[in-house]
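First comes the structure, then the notes that go with it.
We did not get these values from a lab; they are worked out from the coordinates using the rules stated. Small disclaimer: the values here were computed from a predicted structure and weren't measured. Ideal geometry is used to build each Cβ from the backbone, glycine not excepted, and the neighbour counts take in all protein chains shown.
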Amino acid sequence: MRIFTLILSLIVMILFIIFLILNRSQYVDIRFLGFSYSGLPLFLVVFLSFLAGVFFALVIAVVNEIRIRNQLGRIKKENRRLKEELISLRNLPVEEEAEEKE
């Protein structure tokens, strides 16, 4: 699965680079949040948008990883508590057998 992901990522990157090369001579005007930028190369706008997407995906992945690690810690703590409870229950004397023998 890891090799498939690597190959797919490589194909996407190659297609992205080809797209950037083919569009290096086109210029666009951008208006964003009250600012106006004119004459920007299209490949630069696409590349910066790509980087912004990667950054936001990374932030979301890190937040998700932190949440999962916290959840794993809680589950491990509960697991330890339940194991200790099981051990203490196994060590209790069985009272029914003592009553039956008498």
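Mind running the shape call on segment 30-79? Use the C-alpha gyration tensor, a ≥ b ≥ c as the square roots of the eigenvalues: rounded below 1.5 for a/c, prolate if a/b tops b/c, oblate otherwise.
Prolate is the answer for segment 30-79, as a/c is 1.5 or above and a/b outweighs b/c.
Lys and Arg at +1, Asp and Glu at -1: add these up for the other residues within a Cβ distance under 12 Å of GLN71 and post the number.
Here the charged neighbours net out to +3.
Which FRET efficiency value, to the nearest 0.05, do you get for THR5 and GLU84 by plugging their Cβ-Cβ distance into 1/(1 + (r/R0)^6) with R0 = 41 Å?
0.50
Might you report the magnitude of the Cβ-based charge dipole of the chain about its Cα centre, with Lys and Arg at +1 and Asp and Glu at -1, to the nearest 20 debye?
Its charge dipole is roughly 980 debye.
Under the rule of -39500 (n - 2.57) per DSSP H run of 4 or more residues, summed and divided by the residues of the chain, what mean residue ellipticity at 222 nm is obtained, to the nearest 500 deg cm²/dmol?
The helix contribution divided over the chain gives -27000 deg cm²/dmol.
If I model the chain as equal point scatterers sitting on the Cα atoms and use the Debye formula, what is log10 I(q)/I(0) at q = 0.25 Å⁻¹?
-1.24
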